[in-house]
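Participant: One structure, pasted below without further comment.
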Amino acid sequence: MPTILIIEDEAKLRRLLELNLGDDGFKTLPAGDAETGLKLLNSEPVHLVLTDLKLPGMSGLDFLHKAKEQNAQLPIVVMTAFGSVETAVEAMKAGASDYVLKPFSLAEIRIVVHKELDHSRLQEENRSLREALGQKYSHPNIVARSPKMQEVLATVERVAPTNSTVLLGGESGVGKDLIARVIHEKSRRASGPFVKINSTAIPENLLESELFGYEKGAFTGAATSKPGKFELADKGTLFLDEIGDVPPATQVKLLRVLQEREFERLGGTRTIKVDVRLLAATNRDLRAALEEGTFREDLYYRLNVVPINIPPLREHKEDIPALTELFVKKYAAGSGKKIESVSPAALERLTRFHWPGNVRELENVIERAVALSPGPVIQPGDIMIDDPAERTPARGSAGAGGEFLPEGMTLEQWEDEMIREAMRRAGGNKSQAARLLGLSRNALRYRLSKLGFAEEPES
Ligand SMILES: Nc1ncnc2c1ncn2[C@@H]1O[C@H](COP(=O)(O)OP(=O)(O)OP(=O)(O)O)[C@@H](O)[C@H]1O
Ligand SMILES: [Mg+2]
């Protein structure tokens with residue numbers, strides 16, 4: 001029975017949490033201030049802490065620091081007043097595993113608590129498994145020598161055989177597609193279909209019919225009926241790529257399918273039941289979308305059953321040599337050229353670079369280097385990257401402090417300018433502009449409407 005330490009100075013709320021979490025089968029330890037909380041932490045085994053940030057005496061943030069010093073693995077969920085998101089952000093930076101904004105519903109607290117406990121149990125299991133196996137997670141198509149990628153593979157091993165929904169996070173090009181396929185391959189559904197749908201690649205008005213299918217006559221042009229991806233993925237896995245870009249109306253429908261595993265085709269009345277495991281991916285922080293109100297909170301918690309965050313390449317540079325080797329082999333074989341290796345100087349350039357486009361960018365750069373290299377060994381000059389660290393400092397106006405806002409411009413004006421520029425560069429295509437800015441399509445639309453851009457249907 002997991003034990004939850006509840007630190008909350010408001011007696012009523014503390015009691016309410018105690019009662020409700022107690023009903024869920026947890027043992028609870030109540031504390032009215034952080035000092036008492038710390039004492040309890042030292043005397044009792046605690047699996048999770050739920051703490052208010054604003055407390056009499058020691059602050060919740062100080063408590064967080066102290067508790068993390070003692071046990072870095074302990075999941076700590078902070079409660080903070082609506083409107084003080086900065087403190088929540090500060091708490092997340094200090095190692096809190098999640099936060100809830102007051103006033104919250106008990107259902108919300110329950111979901112967060114269960115999620116964090118599941119997550120920490122999984123991590124604990126991973127740790128002991130890894131120790132037992134001596135760091136050995138491998139897969140033929142995946143380079144994962146670094147501890148960070150080992151951790152990703154360890155989680156993949158654990159979740160693949162379950163039916164849990166997995167939310168794959170990570171910047172563009174880190175390997176979310178690759179990992180999604182591996183989860184399917186390693187699942188009991190491996191012999192079933194793996195169906196992928198990318199919400200940014202499909203015009204918004206077609207997304208629902210793609211997902212759920214339609215009956216003949218459901219809309220103009222629906223001359224026949226057609227099954228959607230959910231039906232096609234029956235007994236298999238559905239991979240929803242770029243989930244952050246699913247428009248709000250479709251989010252409601254997705255939530256229903258996730259909860260009830262049933263839906264109707266567009267224009268249809270028959271309820272269809274499916275057995276589908278869902279994997280989702282996003283290359284940006286869905287939390288930001290939650291705060292902007294463009295992504296439904298209930299759907300987020302439904303999806304985020306097991307999060308797997310794939311680190312950016314700059315955080316596991318140890319993998320660059322092996323990745324380089326893999327891609328050199330792949331493209332040399334494809335081009336029929338005899339490329340044997342990469343010179344040490346070239347490898348050094350590759351390792352120093354910060355790879356904003358992650359593994360995909362490395363792959364592209366190697367493909368080009370293989371094509372360009374006149375000899376059997378790839379040289380630094382064959383590598384087409386623009387590394388600011390290699391530039392001579394004399395150029396441009398940037399001094400030691402770097403560039404700053406143009407004279408007299410505020411940050412907000414600068415942002416507006418960047419949004420306009422992105423729209424220009426994208427030739428008015430919102431999806432592409434959103435991509436350039438690292439925003440979801442919904443977030444961009446929200447900002448465009450603030451800028452007074454007319455809402456027009458996308459082609
Ligand atoms: N650890 C790895 N080992 C080998 N290849 C990798 C690894 N990570 C990524 N790749 C390769 O890099 C390329 C980009 O990966 P992938 O398409 O999975 O990225 P992604 O995270 O889905 O990107 P996006 O957010 O843009 O969709 C693919 O060709 C993939 O096979
Ligand atoms: Mg992808």
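Participant: Dipole magnitude of the chain about its Cα centre, charges +1 at Lys/Arg Cβ and -1 at Asp/Glu Cβ only, in debye to the nearest 20?
Facilitator: On the way: 61 positive and 67 negative charges, 301 e Å.
Using Cβ point charges on Lys, Arg, Asp and Glu, the chain gives about 1440 debye.
Participant: Right, next: Once R0 is set to 41 Å, what does the formula 1/(1 + (r/R0)^6) return for the Cβ-Cβ distance between residue 450 and residue 309, expressed as a FRET efficiency to the nearest 0.05?
Facilitator: That pair, residue 450 with residue 309, gives E of 0.85.
Participant: Under a Cβ-only charge scheme (Lys and Arg +1, Asp and Glu -1), can you give me the dipole magnitude of the range 158-310 about the Cα centre, in debye to the nearest 20?
Facilitator: Rounded to the nearest 20 debye, it is 680 debye.
Participant: Considering just Cα atoms, how many Å³ per residue does the convex hull of the range 221-289 enclose?
Facilitator: Looking at the range 221-289, the number lands at 109 Å³ per residue.
Participant: Another question about this same structure. Over the chain, with every protein chain in place, what whole percent of the accessible area is carbon and sulfur at 1.4 Å, could you tell me?
Facilitator: That fraction is 53 percent.
Participant: Then there's this: Rolling a 1.4 Å sphere over the protein heavy atoms, what is the accessible area per residue of the chain, to the nearest Å²?
Facilitator: On the way: 23110 Å² over 459 residues.
The answer is 50 Å² per residue.
Participant: Bin by bin, in steps of 10 Å, what percent of the Cα pairs in the range 317-443 do you find, going until the bin that has the longest distance?
Facilitator: Answer for the range 317-443: a P(r) of 11, 29, 26, 24, 9, 1 percent.
Participant: Ratio of the chain's C-alpha Rg to 2.2 N^0.38 Å, to two decimals?
Facilitator: It is 1.11.
Participant: Where does the range 133-202 land on Rg(C-alpha)/(2.2 N^0.38 Å)? Before the final figure, lay out each step's value.
Facilitator: Values: Rg = 12.8 Å, N = 70, 2.2 N^0.38 = 11.1 Å.
In units of the 2.2 N^0.38 Å rule of thumb, it is 1.16.
Participant: Suppose only helical runs count, i.e. DSSP H with n ≥ 4. What mean residue ellipticity at 222 nm does that imply for the chain under -39500 (n - 2.57) per run, divided by all residues and rounded to the nearest 500 deg cm²/dmol? List each step's numbers first, then the result.
Facilitator: Details: 18 runs with 207 residues, N = 459.
Estimated from H runs of four or more residues: -14000 deg cm²/dmol.
Participant: Taking R0 as 56 Å, what's the FRET efficiency between residue 27 and residue 377 from their Cβ-Cβ distance, rounded to 0.05? If you can, show how the numbers build up before the last one.
Facilitator: Numbers: r = 63 Å, r/R0 = 1.13.
It comes to 0.30.
Participant: Name all residues of the range 161-192 having a backbone nitrogen under 15 Å from the label point set 7 Å from the Cα of residue 232 along its Cα→Cβ direction, giving them as ranges.
Facilitator: none
Participant: Suppose we keep just the DSSP beta bridges with both residues in the chain; what percent of those would be antiparallel, to 5? Please list the in-between numbers first.
Facilitator: Details: 7 of 45 bridges.
Here the share of antiparallel DSSP bridges comes out near 15 percent.
Participant: Per 10 Å bin, what is the whole-percent P(r) computed from every C-alpha pair distance within the range 280-348?
Facilitator: 15, 30, 19, 19, 15, 2
Participant: Considering the options 199, 22, 101, tell which one lies farthest towards the positive end of the dipole of the chain, charges being +1 on Lys and Arg and -1 on Asp and Glu at the Cβ, about the Cα centre.
Facilitator: 199
Participant: With Rg and the Kirkwood Rh both taken from Cα atoms, where does Rg over Rh land for the range 143-301?
Facilitator: 0.98
Participant: If I model a spin label as a point 7 Å beyond the Cα along the Cα-Cβ vector, how far apart are those points for residue 65 and residue 86 in nm?
Facilitator: Between residue 65 and residue 86, the label points sit 1.8 nm apart.
Participant: Just to be sure I understand: if I project the alpha-carbon convex hull of the range 23-164 onto a plane and average over all orientations, what area do I get in nm²?
Facilitator: Numbers: hull surface 43.1 nm².
With every direction weighted equally, the projected area is 10.8 nm².
The values are calculated or read from the model by the stated rules, or taken from the named source; none is laboratory data. Everything numeric here is computed off the predicted structure, so don't read it as measured data. Every residue, glycine as well, gets a Cβ built from its backbone with ideal geometry; the counts of neighbours run over all protein chains shown. Heavy atoms of the whole protein, side chains included, go into the accessibility calculation; ligands, DNA and RNA do not. Shrake-Rupley method; radii C 1.70, N 1.55, O 1.52, S 1.80 Å.
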